[in-house]
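The values are calculated or read from the model by the stated rules, or taken from the named source; none is laboratory data. None of the values given here were measured: they were computed from a predicted structure. With ideal geometry, Cβ positions are generated from the backbone for all residues, glycine too; neighbour counts draw on all protein chains shown. These area figures cover heavy atoms from the full protein model, side chains too; ligands, DNA and RNA do not enter into them. Shrake-Rupley method; radii C 1.70, N 1.55, O 1.52, S 1.80 Å.
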Amino acid sequence: MAALKVVGGSASLPLARALARELAVPFVDASFEKHPGGFPDGERYVRLLGPVAGDHVVLVQTTHPDPNIVEYFLLADAIRDAGARRLTAIIPYFGYGRQDKRFAEGEAVSAKTLAKHIALDADDLLTMTIHNPDILAMFPIRAREVSGVPALGRYLKAADVDLLLAPDDGAVRLVQEAASLAGTPYDHLDKERLDSYTVRVTPKELKVKGRSVAIVDDVISTGGTIATAAKELKAQGATRVLATCVHGLFVGRAEENLKVCDEIVATDTIASPHTKVSVAPEFARALRELLG
Ligand code: R5P
């Protein structure tokens with residue numbers, strides 16, 4: 001049987017190493033710079049620093065921002081050229097997941113474009129808390145979604161919160177899962193997105209006076225969704241608001257928008273100063289299931 005080995009792209013190195021430790025399998029190093037400082041034109045470079053011939057390689061790389069997509073392709077191709085027998089792609093955060101439909105004639109269904117090309121070298125794929133689970137069917141290989149909520153649940157269980165809140169309809173499935181893991185009640189808001197930066201919530205009484213509340217979402221991007229929900233919670237008397245997400249993109253004015261929150265918690269699907277929990281145990285479990 002092929003030996004299991006883990007390779008990490010530069011976007012996901014700590015998570016890839018943690019996964020190799022969880023699975024107690026070798027981590028194969030790679031180099032990402034041919035010259036100190038990289039190529040002057042910004043092109044990516046990869047070189048595997050260990051053998052993978054005949055092995056089952058698990059390649060961990062978040063496909064955000066765009067240069068990390070190129071790096072994924074370079075690594076996957078290098079792994080195949082080096083003779084790996086099987087390649088399982090772990091895409092902790094699947095960039096382009098929110099472009100999952102043709103909203104106007106002539107548009108690319110960008111999630112499908114990514115899925116098609118990621119599948120070129122991979123035999124199977126695991127990704128985490130995806131924007132729309134229908135995206136999995138866009139992969140022409142076996143593709144599975146792994147929930148990142150248990151990692152947040154572990155944090156929330158110890159965080160002494162009174163209520164969990166989904167900031168919109170889409171996050172209800174996440175908050176329900178987190179609530180059952182942390183043993184905490186939950187509620188939700190209804191959100192309307194006005195543009196990429198602005199959202200509006202339908203006014204609703206939340207019974208949060210004097211309470212500590214954690215907002216749970218899949219993604220924090222500009223922080224607009226969380227900030228709007230957090231302001232509503234504070235206006236209704238919440239004493240402490242934690243912003244939690246599986247994927248912390250923190251783009252644009254996110255840090256400023258999120259100042260209304262008392263604490264920000266994200267997983268390591270995207271490394272950031274707010275990464276406080278690892279999803280390595282979740283991916284390790286999913287891989288063991290995949291291997292049977
Ligand atoms: C929306 O469908 C997602 O669940 C998130 O609420 C959204 O992507 C967050 O974006 P932002 O931080 O820019 O409001």
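Would you check which residues across segment 131-145 are within 16 Å of the ligand (Cβ to nearest atom) and of a type in the set (D, E, K, R) and list them?
Those that are within 16 Å of the ligand (Cβ to nearest atom) and of a type in the set (D, E, K, R): D134, E145.
Do you know which residues across segment 135-171 are under 28 Å from A89 (Cα atoms) and of a type in the set (A, V, I, L, M, F, W, C)?
I135, L136, A137, M138, F139, I141, A143, V146, V149, A151, L152, A171
Please work out if A182 is more than 16 Å from the ligand (Cβ to nearest atom) and touching a residue at least 60 places away in the same chain (Cβ under 8 Å).
no
Any residue that is modelled with pLDDT under 95 and more than 18 Å from the chain's Cα centre (by Cα) - is there at least one of those in segment 106-113?
Scanning segment 106-113, I find no residue that is modelled with pLDDT under 95 and more than 18 Å from the chain's Cα centre (by Cα), so the answer is no.
Among residues belonging to segment 33-86 that are among the acidic types (D, E) and farther than 18 Å from A111 by Cα, point out the one that is least open to solvent (accessible area, probe 1.4 Å).
D55
Right, A122: assigned by TED's automatic domain parsing to the domain that holds K101, open to solvent by less than 10 Å² (accessible area, probe 1.4 Å) and in a helix (DSSP H, G or I) or not?
Answer is no for this residue.
Can you give me the ranges of the strands (runs of 3 or more DSSP E) entirely in segment 185-266 with at least 3 residues that are within 9 Å of the ligand (Cβ to nearest atom)?
Result: 212-220.
List the pairs whose first member sits in segment 71-93 and is over 25 Å from G42 (Cβ atoms), whose second member is basic (K, R) and in a helix (DSSP H, G or I), and whose Cβ atoms are under 8 Å apart, counting only residues at least 6 apart or on separate chains?
Listed pairs, sorted by first residue: L87/R80.
Looking at A24, A30, A53, A18, which one is modelled with pLDDT of 95 or more and closer than 18 Å to Y93 by Cβ?
Of A24, A30, A53, A18, the one residue that is modelled with pLDDT of 95 or more and closer than 18 Å to Y93 by Cβ is A18.
I'd like to check something: does segment 267-289 contain any residue that is farther than 25 Å from E22 by Cα, more than 13 Å from the ligand (Cβ to nearest atom) and not in a helix (DSSP H, G or I)?
no
Under 7 Å between Cβ atoms, which residue pairs at least 6 apart in sequence (or on different chains) link something in segment 194-223 that is of a type in the set (D, E, K, R) with a partner that is in a strand (DSSP E or B)?
Listed by first residue and then by second, the contacts come to R200/E192; R211/L163; D217/C245; D218/C245; D218/V246; D218/H247.
For the list (1) in contact (Cβ under 8 Å) with a residue 40 or more places away in the chain; (2) crowded, with 18+ Cβ neighbours inside 10 Å, I need the number of the one condition that A2 fails.
The failed condition is (2).
How many residues are under 20 Å from the mean Cα position of the chain (by Cα) and open to solvent by less than 70 Å² (accessible area, probe 1.4 Å) when one looks only at segment 180-225?
Going through segment 180-225 one residue at a time, the tally reaches 12.
Please go through segment 195-226 and give me each residue that is charged (D, E, K, R), out of contact with any Pro (no Cβ under 8 Å at 6 or more places or on another chain) and within 13 Å of V246 (Cα to Cα), ordered by number.
D218
In segment 153-172, what count of residues is obtained for those that are within 15 Å of the ligand (Cβ to nearest atom), over 19 Å from D262 (Cβ atoms) and either among the acidic types (D, E) or surrounded by 19 or more Cβ atoms within 10 Å (Cβ to Cβ) (or both)?
Here the count works out to 3.
Kindly provide the set of residues from segment 255-276 that are touching a Phe, Trp or Tyr at 6+ places or on another chain (Cβ under 7 Å), touching a residue at least 60 places away in the same chain (Cβ under 8 Å) and closer than 15 Å to S12 by Cβ, ordered by number.
The answer is T269, I270.
Applying the selection to segment 125-151, what residues are open to solvent by 40 Å² or more (accessible area, probe 1.4 Å) and out of contact with any helix residue (DSSP H, G or I) (no Cβ under 6 Å at 6 or more places or on another chain)?
Result: H131, P133, D134, A137, P140, R142, R144.
For segment 266-292, which positions are closer than 24 Å to H188 by Cα and buried (at least 24 other Cβ atoms within 10 Å of the Cβ)?
If the condition is that a residue be closer than 24 Å to H188 by Cα and buried (at least 24 other Cβ atoms within 10 Å of the Cβ), then A266, T267 are the ones that fit.
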